[in-house]
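The values are calculated or read from the model by the stated rules, or taken from the named source; none is laboratory data. Because the structure is a prediction, the values reported are computed rather than measured. We place every Cβ from the backbone using ideal geometry, glycine too, and count neighbours over all the protein chains shown.
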Amino acid sequence: MRVHFIAIGGSAMHNLAIALHKKGFAVSGSDDHIFEPSASRLAKYGLLPEHEGWYPEKITTELDAVILGMHARVDNPELLKAQELGVTIYSYPDYIYEQSKNKLRVVIGGSHGKTSITSMILHVLQHEDMKFDYLVGAQLDGFETMVGLSDDAPLIVIEGDEYLASPIDRRPKFHIYKADIGVISGIAWDHINVFPTFKSYTDQFKIFIETIQPGGSLIYCEADEVLKQTVAETATDAKVYPYNLPQFTIENGVTNIVFENNIYPLQVFGEHNLLNIQAAQNVCAQLNISAERFYTAISSFKGAARRLELLGKTETANIYKDFAHSPSKLKATIHAVKAQFTGRKLIAAIELHTFSSLKKDFLAEYSGTMTEADIAIVFIDKRTFEQKNMEPYSEEVVKSAFSRQDLIFFNEPKILLKYLEDINITNANLLLMSSGNFGGVDLVMLKNNLLKL
């Protein structure tokens, strides 16, 4: 098979390219910008394009398929050439389905927790020595790539994003996979550039439920009232399995799950992670893994990259990095750290970086999300407004939206870094949350300076 990737440098795209290369496909690709770690990882397998840019001459009738990334535009010259020649064009979720249509498909959806739940399931399946394919949105310990495809695995576990499939396919990705086992972790309005109303967003989850295959299962978090109502309003023949918090204790900074008088200590914490664990446990039960075996395996799960990732610690301080950026993720992550370390001060910094989080009309959704932080910091790199061609707004607008007048606001990385370097972290935790990179601030160096490492 000969496949060509338009926008090969994307996070999911380059991982799919590597997975197909390892499967024996002839893979080529193009992109106008390829950043790290995509560039190094593509180069390792001889897949890095020799030159950046778009080259229509790469598109010929000898190709079996073109895989189109979301980063490309509808007028991309390679896409236009493929359409002109009649070459078969797939989005990457389309191609994942094409590679897995004869497998049992487990699809993890939801506004938050998708990566963690998927990672937990993969960890347990690997612990059980089961064969499986996968697509996950983070780099995991023990997995070389974020996509794994084979001919002989009987099942695939897919992180099912609700964002659009490609520039020419406006369906949410998780509609395309046709789940046999579908999971929804929760619903909290996101991607407002595509779903401008809350109803238009929640409707996508109803459609996802309707795509679950005959005889399939729906696993959902009944602690989420919006989700609970959405499930109740949606007609489905799927078997429905609601989940909620398990019994747990917190002792000496360690969270333990209590099940049938056995105690299972965890390396992750927070009620959101406990709910994620229960989602994963319900999936694994469908795959004939007992609860006892599941909880034994999950005890060694260390978390996915950038999901409450511990950068460093001393006896009196921890520094965490987290991907949280939406209001629900921000609130849950702050609550998790505060509840785990009740005697410590919490310094929480969030970078607003995505289009949705920066949209002035959406900003009020953040009201009260940082209430539990002792010191609340919001950072918006002023260059981000310029890059996204958005009108900047004032510090007072941010404080009002977050309903917190003592909130500290920064819009320049150097000033943010100077403030963080001067904080007293004794008997305190620092939580750094962003889907970006805080304007290029070196978090490892910051951690070393604060912890005197």
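A few comments on the model shown:
- Members of segment 300-331 found to be farther than 17 Å from Met370 by Cα, in contact with a Phe, Trp or Tyr (Cβ under 8 Å, 6 or more places away or on another chain) and touching a residue at least 24 places away in the same chain (Cβ under 8 Å), listed by number: Arg306, Arg307, Leu311, Asn318
- When segment 375-405 is limited to residues that are of a type outside the set (A, V, I, L, M, F, W, C) and touching a residue at least 40 places away in the same chain (Cβ under 8 Å), the one that is surrounded by the most Cβ atoms within 10 Å (Cβ to Cβ) turns out to be Asp381.
- Among the numbered conditions (1) small (Gly, Ala, Ser); (2) out of contact with any helix residue (DSSP H, G or I) (no Cβ under 7 Å at 6 or more places or on another chain); (3) free of Cβ contacts under 8 Å to residues at least 60 places away in the same chain, the only one that Gly142 does not meet is (2).
- Residue within segment 91-106 that is under 28 Å from His175 (Cα atoms), assigned by TED's automatic domain parsing to the domain that holds Pro167, in contact with a strand residue (DSSP E or B) (Cβ under 9 Å, 6 or more places away or on another chain) and of a type in the set (Lys, Arg) present: yes
- Subset of segment 332-361 that is among the basic types (Lys, Arg) and free of Cβ contacts under 8 Å to residues at least 40 places away in the same chain - its residue that is surrounded by the most Cβ atoms within 10 Å (Cβ to Cβ): Lys338
- Count of residues meeting criterion [farther than 15 Å from Ile319 by Cβ, more than 20 Å from the chain's Cα centre (by Cα) and outside any helix (DSSP H, G or I)] in segment 329-370: 9
- In segment 257-282, the residues that are farther than 14 Å from Phe301 by Cβ and either at pLDDT 95 or above or in a helix (DSSP H, G or I) (or both): Val258, Phe259, Glu260, Asn262, Ile263, Glu271, His272, Leu275, Asn282
- Which listed residue is under 17 Å from Ser185 (Cα atoms) and either hydrophobic (A, V, I, L, M, F, W, C) or touching a His at 6+ places or on another chain (Cβ under 6 Å) (or both), from Ala235, Ala279: Ala279
- Condition broken by Ile425, with the remaining ones in (1) without any contact (Cβ under 8 Å) to a residue 40 or more places away in the chain; (2) touching a strand residue (DSSP E or B) at 6+ places or on another chain (Cβ under 6 Å); (3) more than 22 Å from Ser357 (Cα to Cα) satisfied: (1)
- Segment 128-143 - residue that is acidic (Asp, Glu) and touching a Lys or Arg at 6+ places or on another chain (Cβ under 9 Å) and, of those, surrounded by the fewest Cβ atoms within 10 Å (Cβ to Cβ): Asp141
- Just so you know, in segment 72-98 the residues that are acidic (Asp, Glu) and under 23 Å from the mean Cα position of the chain (by Cα) include one that is surrounded by the fewest Cβ atoms within 10 Å (Cβ to Cβ), and it is Glu98.
- Subset of segment 171-201 (residues that are surrounded by fewer than 18 Cβ atoms within 10 Å (Cβ to Cβ) and either touching a residue at least 12 places away in the same chain (Cβ under 8 Å) or under 14 Å from the mean Cα position of the chain (by Cα) (or both)): Lys178, Asn193, Val194
- Restricting attention to segment 31-40, the residues being closer than 30 Å to Asp152 by Cα and either more than 20 Å from the chain's Cα centre (by Cα) or in a loop (DSSP other than H, G, I, E, B) (or both) number 3.
- Ile319 vs. criteria outside any loop (DSSP other than H, G, I, E, B), under 22 Å from Asp224 (Cβ atoms) and outside the structural domain of Thr255 (by TED's automatic domain parsing): no
- When we screen Val66, Val74 for residues that are assigned to a strand (DSSP E or B) and not assigned by TED's automatic domain parsing to the domain that holds Ser100, the only hit is Val66.
To keep it simple, each residue is scored yes or no on (1) assigned by TED's automatic domain parsing to the domain that holds Lys313; (2) modelled with pLDDT of 95 or more; (3) in contact with an Asp or Glu (Cβ under 7 Å, 6 or more places away or on another chain).
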position: Lys388; (1), (2), (3): yes, no, no
position: Glu391; (1), (2), (3): yes, no, no
position: Ser394; (1), (2), (3): yes, no, no
position: Ser403; (1), (2), (3): yes, yes, no
position: Phe409; (1), (2), (3): yes, yes, yes
position: Leu416; (1), (2), (3): yes, yes, no
position: Asn424; (1), (2), (3): yes, no, no
position: Asn427; (1), (2), (3): yes, yes, no
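- With respect to the conditions (1) touching a Gly at 6+ places or on another chain (Cβ under 6 Å); (2) closer than 21 Å to Trp189 by Cβ, Ala332 falls short on a single one, namely (1).
- Residue list for segment 42-61, restricted to those being in a helix (DSSP H, G or I) and surrounded by 14 or more Cβ atoms within 10 Å (Cβ to Cβ): Leu42, Pro56, Lys58
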